[in-house]
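Read-outs: derived from the displayed coordinates by stated rules, not from any lab. None of the values given here were measured: they were computed from a predicted structure. In this analysis, Cβ positions are derived from the backbone assuming ideal geometry, glycine residues included, and neighbour counts consider all displayed protein chains.
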Amino acid sequence: MKIELKQSSFLQKEINEPYYNILMFDGEASFSVDLTDYECKGKCLLFLTPYQLLQWKSSTAAFISALSFHGDFYCIEYHKKEVACNGILFNDIYSEPFVTVSDFIYEEITSIIERMKRVEDSELDYDNSILKSYLQVILALSSKEKQLKMPPKIQESIGNADILKFQHLLDTHFLEAKEVAFYASKYNLSVNTFSKRIKKHFGKSPSQLIQDRIVLEAKKLLHLTTKTIKEIADDLNFEDEFYFSRYFKKSVGISPKEFRKEVGISIVAK
């Protein structure tokens, strides 16, 4: 378990680690996550899954509170009944990876992190269950706040279908349909027109969303199952495990084998 409080002047230019990260800052910030650009203003919570690449561009935040935890310490899939944060705070490729919060929520979470740090720094032999309980409260507060702040789903149409159906189409067909043309055809649009409209709505191009969805599934299989790399490559419809490994490394920065070694296999798979 790692908990740190940092001044922005000491902030890492890039973060790409085998941990789940929750970053808190107050001010204006410009950054990218997996090469997608974002901007936020005010009191902000930013959530990163293992080996998501965060690159800071500019920030006026007075300080950054960073809480990092490994999946072995707290498995978000195993504890999904207690805290529903998977697909909301983490592993959501369709929405922004951050949420702005009220002064009250920001101060409450900051206070909890300070208490966690005191527990970690104490010479007493505390049980990890105390830290896990504190972490659960942070995740529960954050998850509720993000769901409350999510904009209403506007039934915007492109071509002959509702744009929101793209998410369902992608989740249904990403294993066999890795080309943008397949999805554009469902809307009776050219690839160029379809791509522009999808990027306007989601902030990412359809090709990026397709790649993100494939990589998200690959990470899930690597972390939540004991399948071999070859079996996972077959499940994802890659020609062979070597092509899959190159595809994964180009997106994530490390090979599937290294990812599994660093992130580990979840208790859910055992």
Sites matching GluC sites (Glu not before Pro) across region 101-132 that sit in DSSP coil, with at most 10 neighbouring C-beta atoms within 10 Å: Glu123
Counting only DSSP beta bridges with both partners in the chain, the antiparallel fraction in percent, to the nearest 5, comes to 95 percent
In whole Hz, with x marking every Gly and Pro, tabulate ³J(HN,Hα) for region 32-46 from phi via Karplus 6.51 cos²θ - 1.76 cosθ + 1.60, θ = phi - 60°. 10, 10, 6, 6, 9, 7, 9, 9, 8, 9, x, 7, 10, 10, 10
Any chymotrypsin sites (Phe, Trp or Tyr not before Pro) in region 29-85 that lie in a DSSP loop and have at most 15 other Cβ atoms within 10 Å would be Phe73, Tyr78
What pairs from Lys186/Lys227; Lys204/Lys250; Lys149/Lys186; Lys80/Lys249; Lys80/Lys200; Lys149/Lys204 go past 22 Å between their alpha carbons? Lys186/Lys227; Lys149/Lys186; Lys80/Lys249; Lys80/Lys200
Give the relative contact order (percent, whole number) for the chain; include only Cα pairs under 8 Å separated by 6+ residues. 17 percent
Which residues' amide hydrogens lie under 5 Å from the amide hydrogen of Glu17, considering only partners 5 or more residues apart or on another chain, with H built in the peptide plane? Tyr51, Gln52
Over the chain: helical MRE at 222 nm, DSSP H runs n ≥ 4 each giving -39500 (n - 2.57), nearest 500: -13500 deg cm²/dmol
How tilted is helix 191-202 with respect to the longest principal axis of the chain? Cα atoms for both, answer in degrees (0 to 90, nearest 10). 20 degrees
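Sorted from fewest to most neighbouring beta carbons within 10 Å, what does the list Met24, Met150 look like?
Met150, Met24
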Rounded to the nearest 10 degrees, what's the angle between the helix 241-252 long axis and the longest principal axis of the chain, both from Cα atoms, 0 to 90? 60 degrees
Between the helical axis of 128-149 and the dominant principal axis of the chain, each derived from Cα atoms, what acute angle in degrees is found, rounded to the nearest 10? 50 degrees
Enumerate by residue number the trypsin sites (Lys or Arg not before Pro) in region 38-91 meeting two conditions: DSSP loop (anything except H, G, I, E, B), and at most 10 other Cβ atoms within 10 Å of the site's Cβ. Lys81
Over region 157-269, what is the mean sequence separation of C-alpha contacts under 8 Å (at least six apart), divided by residue count, expressed as relative contact order in percent? 21 percent
